[in-house]
1. When you scan the stretch 99-116, do you find a residue that is modelled with pLDDT of 95 or more, out of contact with any helix residue (DSSP H, G or I) (no Cβ under 8 Å at 6 or more places or on another chain) and within 20 Å of residue 170 (Cβ to Cβ), even just one?
2. Given the conditions (1) surrounded by 13 or more Cβ atoms within 10 Å (Cβ to Cβ); (2) over 27 Å from residue 197 (Cβ atoms), report the number of the one that residue 56 does not fulfil.
3. Return a yes/no flag: does the stretch 157-164 have any residue that is in contact with a helix residue (DSSP H, G or I) (Cβ under 8 Å, 6 or more places away or on another chain) and not in a helix (DSSP H, G or I).
4. Quickly run through the stretch 34-48 and pick out the residues that are within 16 Å of residue 65 (Cα to Cα) and surrounded by 19 or more Cβ atoms within 10 Å (Cβ to Cβ).
5. Please determine whether any residue of the stretch 64-77 is touching a strand residue (DSSP E or B) at 6+ places or on another chain (Cβ under 9 Å) and part of a helix (DSSP H, G or I).
6. Residues of the stretch 21-30 being surrounded by fewer than 16 Cβ atoms within 10 Å (Cβ to Cβ) and in a helix (DSSP H, G or I), which ones?
C-alpha cells in the first residue's frame, strides 16, 4: 500500500501543477503536449516536490521556449555550424543516453550574437532529446575547451549553458565534462562552483591523462603518439641498419621493437684498429669483448687500468700497499646506535592501492567516470551521421525530402 499511496500523491501533485498553469493562462496544443506527466515530474523533483515553485518554473520555461521559437528550429539555420562540428550528438553510451559534444571556438562568440548561440544550444539539445529511447530521460555533455585561450571567456560560455539546462531542462543532465580548459579556469571554477546549481554534475578532466590508454591507443590517429614510433624512412639507404662497430666493440640493434633488449654486444671486433690482442687463443685471453675492454677506463677497476699481462702481478705490485693506522680507541657496544624503524608517514603507502578497502581519491573517480565517454570524444565528426539522427522538423528540408526520395526509389525498383 505504501507504493500505491506514493504514486497516487505524485499524480495529484502533477494535476495540481497543471491546474495552476491553466489558471494563469490557457495552454496551447503544443504546450499541453510538452507538459506531459513525465515532464511535470522532472520539474517537481527539481523543486523538491513543491507544487507552486514547480508551476512557476514550468510557466517560465513555456514562455522562454516561445521567445526562442523552439518549434521553428531547423538544421538549415545552422549549416556552417553543422559543417564544422561546433555542436553535435556523437552517439549513445551503454545506458542509451545521448552524448552531446560542444567544440565551440573562442572567436565564435565574437562574430555571432548570444541569441544565435542560445538557439544553437537549444537545437542541439532538442536533437539529443529526439534520439532518446522511451525509458531514457538524461543526456551527457562534453565541453571541449581546447579552442579557448581565455579562461574567463570559456567560463561565461559554460555558466550560460549550465544555467539554461538547470532552468529549462531540469533533470535532463546526467554528467558534464570540461576537457582541457585554459590554465586559469580551475581557479575561477573553484570560486564559482558553490553558486552553480549543476556544479556537482560537472567534472574537469585532462585528455593527457588518457594518452597511455590501452583501449583507445591508436597510433595512426594521434600524431603525438605516432611521433614516438621508429621511422624506417629516417635511416639512410647507404648505411647498414641494425649494426654499428667501433674500435672498442660492436653492437647490433634488433629489428623486433617488442624485444626486451633491442641491442646486444657481439664477441667479434670488425674494426681496423684493435685494442689489445683480438685472437681468442692469444695470451690465454678470451674474446675481444670482455668486462675489461668493453667499458670506459674511467669506470674500470684498478686491475683493468693495469698492463695486459699477469693479473696477479698487477694486483700485487702495481699499487703499493699503504699500512693502515692502528686502532687507538675502543668502541663501547652500548654507544652504538642501531637503525630504528621510521615512523609511518602521513603519505599513504603504494601497497594500499592493492587493498580492497582503499578509498579512491576524487581525481581518480573523475578520471574513471570519463573513460566510458572517451571514445565519443576521440571519434571523428561526421556531418551525415549527425544529420541522419535528426527527425522532422529539426532536420530541415533534407529530412523531409529524403524519405520521399527513398519511397520513390523503392517504387521504381519494384517495376523491374
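The values are calculated or read from the model by the stated rules, or taken from the named source; none is laboratory data. The structure displayed is predicted, hence computed values, not measured ones. All Cβ positions, even for glycine, are placed from backbone atoms using ideal geometry, and neighbour counts span all protein chains on display.
1. no
2. That leaves (2) as the condition not met.
3. Among the residues of the stretch 157-164, not one is in contact with a helix residue (DSSP H, G or I) (Cβ under 8 Å, 6 or more places away or on another chain) and not in a helix (DSSP H, G or I), which makes the answer no.
4. Within the stretch 34-48, 35, 40, 43 qualify.
5. Checking the stretch 64-77: not a single residue is touching a strand residue (DSSP E or B) at 6+ places or on another chain (Cβ under 9 Å) and part of a helix (DSSP H, G or I).
6. 22, 23, 24, 29, 30
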